[in-house]
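A quick write-up on the structure given underneath.
The values are calculated or read from the model by the stated rules, or taken from the named source; none is laboratory data. Only a predicted model underlies this, so the values are computations on that prediction, with no experimental measurement involved. Here the Cβ is made from the backbone with ideal geometry for all residues, glycine too, and neighbour counts use every protein chain on show. Side chains included, ligands, DNA and RNA excluded: accessible areas come from the protein's heavy atoms. Shrake-Rupley method; radii C 1.70, N 1.55, O 1.52, S 1.80 Å.
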Amino acid sequence: MMKTPMTKTPRNILLSAIALLALALSANAIFAQARGAEGSDAVALAPPKYGTWGFDATGMDPSVKPGDDFFRYANGKWADRTEIPSDRTRYGNFDKLIELSEKRLHAILEDAVAGKIKDPDAPKVEAAYASFMDEALAEQLDAKPIERELAEVRGVTTKDQMTALMGKANASGFVSILPVHIATDAKAPTRYTVMAVTGGLGLPDRDYYLQPSFATQKAKYEEYVARLLGMIGWEKPAENARAVVEFETRLAQDTWTRAERRDRDKTYNPMTVAELNAATPGFDWNRYLAQTDLPKVQRIVVTTNTSFPKFASTYAATPLDTLKAWQAFHVVDGAAPYLSKRFVDASFEFRSKTLAGQPEPRPRWQRAVAFVDGTIGESVGRIYVARYFPPEAKAKMDALVADIQTALRARIQKLDWMGADTKARALEKLSKFTVKIGYPAKWRDYRLLTLSKSDLYGNVIRSAAYEWHRDVARLDEPVDKGEWGMTPQTVNAYYLFTNNEIVFPAAILQPPFFDPDADPAINYGGIGGVIGHEISHGFDDQGRKSDGGGMLSDWWTADDAAKFTAQAAKLGAQYSAFEPLAGAHVNGDLTMGENIGDMGGISLALDAYHASLKGRPAPVIDGLTGDQRVFLGWAQVWREKIRDEALRQRLVSDPHSPARYRVNGVIRNVDGWYSAFQVQPGDALYVAPADRVRIW
């Protein structure tokens, strides 16, 4: 949860029907099948409830000492009685809300088909849903929807032609080794810029190609490449698959690690097109950009700049036939979820079953819901908000956000490690935060998007083209500060550096995060912790690099920056010591920003709860003090079970720590947790006061 949104790459657009609701939650957030007629099942569409005062005490395991394993103490019996459904890779309280959001969207889509939706985009919503649900047509068409793209690949006779083909990636099913996208300029946050990154890999992370622990998955990937190439009649599928994986392995060797790609200073490298051409001989950027609809662009912000010459060298050394097989594979791999059953099954068996351990695929209607949400999400969101988001929820959130901001302001003022100059700039940044709650003030205009009931893959491509052409058209316009990076029905939240904003979609403002009938301590531990997490992102190891206007700049004194870095290093070392699976550790550098966000989140939530009491003693409920309930509210949010394969994937690809450590890894650095639960030296989670990390 709680992740800054990224501009979609062409491949992400093609996979949005699978991954939209998985954003920052897991590699494959999966949903259980809803029961009955969703449009009339009021119980199925109601938010979940937790106990009588907002916490499910039946899920606790009081036989465990809080100081030994707080996650287990708060959630142990829940874990014992919970099984991960066969069509999921994980299950937890997040998934309950994701499932609820999906059920509600399903009800909306069924109503659209029945003609019950009075919205100008209702016909487009219906067309998107109907196209995905027409399985008979998908079977009839089989691989025909991608024949034109495959013919283009077959027609390539030179490397320059392949470069041009990759230039079409943003509005087609093709992929590129050096994708470009349009985003806010980190050093000029009122305007957009073109950015270039490295790509070309079909496995979840470079480690899958390079680490012996992933040798089995890499071998299965080669089999999968051969299988898909064989299914489209590509010559010598096994031989070409081996060459494709070797090509991607060479790219992986020169791809920066995910931890390295987090560094906002090192990944901001403006270059002219002429400089890029000089740095990447054999890769013609003029030809490439012309096909990308950016022929006049002369400045590009390059991220992992040292990789670009190496990628160009690998590209130049790779036989054209291998590149054609590579491109053909990625066309069919990206399209597979939208084709006939044999392609859908092949994709599921490798990408979900082999890589993430998911035993069974989701029912088609669930995948259809995710597809519509990823294609015309704000139109569906407009209907969702009208049905399911009461105005009073927004007002209460405004008050909670103000409480957390006040708590952080007080913490900054009292910091003993930060000097006066940096404090003043930090307080200025905090005062300039923008808060977005529920839904956008202005909805997306989809008039230029054409959707057809009888052309599923065409809808996928037209959606990708619509998004890309929309970005290109506004390249010279001021940044739209009102735009949202998530739809209202998304169970998530985020902080965006360049806007200095925190955003909370409507779907997350429900139990266990927020319940107007719950004990206030639980709400502070739940949604208060989420708010604190997002605000803290503005001051994490990367967020601190932007000022109050969202500009990437160094506003810290050297001494204060050194003190911050020292504390962050201590936190990273703590997390890198965690070993969720034998031989597989948490990456403290990759997860640094989220861990700082979590630590700030629960600390600020506790402070805000104390302030809300206004000097009155906190009530005791079922023998639990107010402070104890705040920590239990945080722990309840992170109830989760996950399959080993999915966890192993997340450890190398997800900037969030596993759920257990978003509880145990955080609270052991919070002084208030020790006093709340009488944690003593000798307890497994105990950290001596001098060794606790203290940042915000």
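Can you find a residue in the stretch 584-607 that is assigned to a helix (DSSP H, G or I) and farther than 18 Å from N669 by Cα? Taking every residue of the stretch 584-607 in turn, none turns out to be assigned to a helix (DSSP H, G or I) and farther than 18 Å from N669 by Cα. Could you tell me whether I146 is of a type in the set (A, V, I, L, M, F, W, C) and closer than 30 Å to F497 by Cβ? Judged against the criteria, I146 is not a match. It is to be established whether one or more residues within the stretch 87-95 are within 21 Å of the chain's Cα centre (by Cα), at pLDDT below 95, part of a loop (DSSP other than H, G, I, E, B) and not small (G, A, S). For the stretch 87-95, residues within 21 Å of the chain's Cα centre (by Cα), at pLDDT below 95, part of a loop (DSSP other than H, G, I, E, B) and not small (G, A, S): absent. Can you confirm whether the stretch 432-443 contains a residue that is part of a helix (DSSP H, G or I) and not aliphatic (A, V, I, L, M)? Looking through the stretch 432-443, none of the residues is part of a helix (DSSP H, G or I) and not aliphatic (A, V, I, L, M).
For every residue, the table says whether it meets (1) open to solvent by 20 Å² or more (accessible area, probe 1.4 Å); (2) farther than 27 Å from T354 by Cα.
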position	(1), (2)
G548	no, yes
L571	no, yes
G588	no, no
L632	no, yes
E645	yes, no
R648	yes, no
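Which residues, taken from the stretch 141-156, are in contact (Cβ under 8 Å) with a residue 40 or more places away in the chain and open to solvent by 60 Å² or more (accessible area, probe 1.4 Å)? Passing the criteria: only R154.
When the residues of the stretch 444-471 are filtered to those that are open to solvent by less than 60 Å² (accessible area, probe 1.4 Å) and of a type in the set (A, V, I, L, M, F, W, C), the one that is nearest to L137 (Cα to Cα) is L456. Of all positions in the stretch 62-80, at least one carries a residue that is assigned to a helix (DSSP H, G or I), in contact with a Gly (Cβ under 7 Å, 6 or more places away or on another chain) and open to solvent by less than 20 Å² (accessible area, probe 1.4 Å).
In the stretch 45-56, the count of residues that are over 30 Å from I376 (Cβ atoms), out of contact with any helix residue (DSSP H, G or I) (no Cβ under 8 Å at 6 or more places or on another chain) and acidic (D, E) is zero. Taken over the stretch 552-564, the criterion of being assigned to a helix (DSSP H, G or I) and either open to solvent by less than 50 Å² (accessible area, probe 1.4 Å) or of a type in the set (V, I, T) (or both) is satisfied by D560, A561, F564.
If the condition is being open to solvent by 30 Å² or more (accessible area, probe 1.4 Å) and part of a helix (DSSP H, G or I), then the stretch 51-61 contributes A57, T58. Scan the stretch 650-696 residue by residue and report those that are among the charged types (D, E, K, R), in contact with a Phe, Trp or Tyr (Cβ under 8 Å, 6 or more places away or on another chain) and either surrounded by 21 or more Cβ atoms within 10 Å (Cβ to Cβ) or outside any loop (DSSP other than H, G, I, E, B) (or both). The answer is R660, R662, R668.
Does A370 meet the test of being small (G, A, S), out of contact with any helix residue (DSSP H, G or I) (no Cβ under 7 Å at 6 or more places or on another chain) and assigned to a helix (DSSP H, G or I)? In short, no.
So that you can scan it fast, the table gives a plain yes or no per residue for (1) touching a helix residue (DSSP H, G or I) at 6+ places or on another chain (Cβ under 6 Å); (2) closer than 28 Å to S463 by Cβ; (3) outside any strand (DSSP E or B):
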residue: L137; (1), (2), (3): no, yes, yes
residue: P145; (1), (2), (3): yes, yes, yes
residue: H181; (1), (2), (3): no, yes, no
residue: T193; (1), (2), (3): no, yes, no
residue: T198; (1), (2), (3): yes, yes, yes
residue: W234; (1), (2), (3): yes, yes, yes
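How many residues, within the stretch 370-399, are among the hydrophobic types (A, V, I, L, M, F, W, C) and out of contact with any Phe, Trp or Tyr (no Cβ under 8 Å at 6 or more places or on another chain)? Total satisfying the criteria: 6.
Looking across K266, K236, one residue alone is of a type outside the set (G, A, S) and under 15 Å from T306 (Cβ atoms). It is K266.
For the stretch 305-317, the criterion of a residue being of a type in the set (G, A, S), open to solvent by 10 Å² or more (accessible area, probe 1.4 Å), closer than 30 Å to A506 by Cβ and assigned to a helix (DSSP H, G or I) is satisfied by no position. Could you say whether any residue in the stretch 636-647 is within 17 Å of M599 (Cβ to Cβ), part of a helix (DSSP H, G or I) and among the acidic types (D, E)? No, because not a single residue in the stretch 636-647 is within 17 Å of M599 (Cβ to Cβ), part of a helix (DSSP H, G or I) and among the acidic types (D, E).
Yes or no, residue by residue, for (1) open to solvent by less than 20 Å² (accessible area, probe 1.4 Å); (2) more than 27 Å from A186 (Cβ to Cβ); (3) outside any helix (DSSP H, G or I):
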residue	(1), (2), (3)
A507	yes, yes, no
F514	yes, yes, yes
E534	yes, no, no
A566	no, no, no
F578	no, yes, yes
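D622 falls short on exactly one of the conditions (1) surrounded by 17 or more Cβ atoms within 10 Å (Cβ to Cβ); (2) more than 25 Å from the chain's Cα centre (by Cα); (3) of a type in the set (D, E), and that condition is (1). Any residue in the stretch 214-231 that is assigned to a loop (DSSP other than H, G, I, E, B) and not hydroxyl-bearing (S, T, Y)? For the stretch 214-231, residues assigned to a loop (DSSP other than H, G, I, E, B) and not hydroxyl-bearing (S, T, Y): absent.
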